[in-house]
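Working notes, structure below.
The values are calculated or read from the model by the stated rules, or taken from the named source; none is laboratory data. Only a predicted model underlies this, so the values are computations on that prediction, with no experimental measurement involved. In this analysis, Cβ positions are derived from the backbone assuming ideal geometry, glycine residues included, and neighbour counts consider all displayed protein chains.
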Amino acid sequence: MSYLAKNYNRKKISFVRGKGSYLYTANGTKYLDFVQGIAVNCLGHANPKLIKTIKDQSKKLWHVSNAFEIPEGEKLAKKLCKKTFADYVMFQNSGAEATEAAIKVARRYFYSIGKPNKIRILCVKNSFHGRTLAAIFASGSKKMTEGFGHVGGFDHFTYGNHKSLRNKITKNTAAIMIEPIMGEGGIKVIPDWCLKELRKLCDKKKILLILDEVQCGISRTGDFFAFEKSKVKPDIVPIAKGIGGGFPIGAVLMSKKVASGMTPGTHGSTFGGNPLAMAVGNTVMDVVSSRKFLNNVKELSKHFLSDLNLLKKKYPRIIKNIRGRGLLIGIQLYKDQAMFIKKLMNNKLLTIRAAENVIRILPPLNVKKKELDQAVKIISKVCAELR
Ligand SMILES: *Cc1c(COP(=O)(O)O)cnc(C)c1O
C-alpha cells in the first residue's frame, strides 16, 4: 500500500545508489541511466565536485531570506550573465516556476511602459512549459488542462504553421514563448532559420521572445543554450533542470530592457536563490560552461548520433528517425514505444518516453564514450529481437 497520490504511473523499480552514468538497486543490479532525472543530473550521479560543494556549504549556511544579500547568488547570476545574452537573473526552484516568472516579466514589462493590455502569450499547441496552472494553459494540451478550469491569457499556434503563428499575434500579444528543442514534445528541433525569422517577427510586432531552455539549455546540446547556434538574442529565458545538477534550481534570465519592469515587490520566492542551491549552481556552471566541456559534449554527440543513424539504416522498419542535438536525443519508432522502453530496461538501459512515439535518451553530459557504446549495443540487441 502506497500513501503517495496516484498522479504518476511509476515503474516497479527503485534505486539505492548512483554513480556517474549508473544506478544500482538494493540487490546490486546495475542500470545504465540515460534518463538522469530527465536531463537534470548533467554531471551524473554522486559527482565528487558536487558532493564536496554541498558538504562544504552545508556546514556554513543553508538558507537566508531574500530580504538580505546572498553573495553565492550574486556570483552565479554574474556567471550566467557573462556567459549569455542576459543582463539580469531571478532565481526560482523549478522549471514551471521559471516559465511562470518569465511570463510575469513579459507582462510586467509592457505594464511598466504603459501598455497594460499587452498580456497575452503565444505558444505552440501541445508544447510543454511545466505543470503549474498557468504553465499547463501555456502548453495548451487537452490532456494536461482537462479538469483544471481555465487560466486565460494564452493563445496557440500549430507547430510548423507559420501562417497560423502570424495570424494569432494581436495588439494584446506580449510575447511568443517556445522551446528551441521541444523535449516532452518528442525532441523536435526548431531549425535555426525559424528562430531567426521568429526574432524578426517579434521585432517587427514589438513583442518579446521567450525561449524556454529548461530542458535543452545548460550545455545539453553542446552549446550552453540551444538557441546560440541560430545566433538569435532572446528577451527572456527560463532555465532549470541541468543548472542544479540534481539540486532543485530554476531561474529566469532577461535583458536589461525587460528587467526594468521588475521593481521591488513585483516577484519573490522564499527558497529561490538560497545559499545552498547557489553553491551547487556555481559548481555546475563552472564545469559545464567551459569551452573544453562543451566541445566534448559535441564530440560525444557526433559519435553517438552516427552510431544511432547506422542502427536506423540497419533497422528501417523499427526506427523511423533519430532526432535531437548534443546529448538531447530522441529515437522515433515504428514499433510500440512502451514495449521498447521495457525491453531496453530488461537489458539494463533506462530511457524515457516523449510524444510522437519517441524514446528520449538523456545521458549525463560527462558520459564516457564506452557507456554510449554500451547503450548502442543494447538498443541494437532489442532491435534485433524485434525484427
Ligand atoms: C521540465 C520542463 C519544464 C518544467 O520544469 P519543472 O521543474 O518540472 O517544473 C518547463 N519547460 C520545459 C521545456 C521542460 O522540459
Out of (1) over 30 Å from LYS171 (Cβ atoms); (2) more than 16 Å from the ligand (Cβ to nearest atom), the one ASN93 does not meet is (2)
Residue count, segment 191-220, condition surrounded by fewer than 22 Cβ atoms within 10 Å (Cβ to Cβ) and closer than 21 Å to VAL287 by Cβ, comes to 0
Scanning segment 142-157 for residues that are touching a residue at least 24 places away in the same chain (Cβ under 8 Å) and not in a loop (DSSP other than H, G, I, E, B) gives PHE154, ASP155, HIS156, PHE157
- Task: Determine, yes or no, whether ASP223 is over 14 Å from the mean Cα position of the chain (by Cα), surrounded by fewer than 21 Cβ atoms within 10 Å (Cβ to Cβ) and of a type in the set (Asp, Glu).
- Result: no
If you go through SER164, SER127, the only one that is closer than 18 Å to CYS202 by Cβ, in contact with a helix residue (DSSP H, G or I) (Cβ under 7 Å, 6 or more places away or on another chain) and small (Gly, Ala, Ser) is SER127
### Query
Got at least one residue in segment 41-61 being within 16 Å of the ligand (Cβ to nearest atom), within 24 Å of ARG166 (Cα to Cα) and not charged (D, E, K, R)?
no
Flagged in segment 113-132 as in contact with a Phe, Trp or Tyr (Cβ under 9 Å, 6 or more places away or on another chain) and near the ligand (Cβ under 9 Å from one of its atoms), in numbering order, are SER127
Matching residues in segment 158-175 (outside any loop (DSSP other than H, G, I, E, B), of a type in the set (Gly, Ala, Ser) and free of Cβ contacts under 8 Å to residues at least 12 places away in the same chain) number 1
Inside segment 78-93, the number of residues satisfying the requirement of being surrounded by fewer than 22 Cβ atoms within 10 Å (Cβ to Cβ) and either outside the structural domain of ASP223 (by TED's automatic domain parsing) or closer than 19 Å to HIS267 by Cα (or both) is 3
Based on this model, can you work out whether ALA138 counts as in contact with an Asp or Glu (Cβ under 6 Å, 6 or more places away or on another chain), within 16 Å of the ligand (Cβ to nearest atom) and either in a helix (DSSP H, G or I) or outside the structural domain of SER255 (by TED's automatic domain parsing) (or both)?
no
Of (1) within 16 Å of the ligand (Cβ to nearest atom); (2) more than 22 Å from LEU195 (Cβ to Cβ); (3) crowded, with 18+ Cβ neighbours inside 10 Å, PHE110 satisfies every one except (1)
Taking segment 5-40 and keeping only residues that are among the small types (Gly, Ala, Ser) and within 16 Å of the ligand (Cβ to nearest atom), one is left with GLY37, ALA39
All-but-one check, TYR334 against (1) under 25 Å from the mean Cα position of the chain (by Cα); (2) outside the structural domain of LYS55 (by TED's automatic domain parsing), failing number (1)
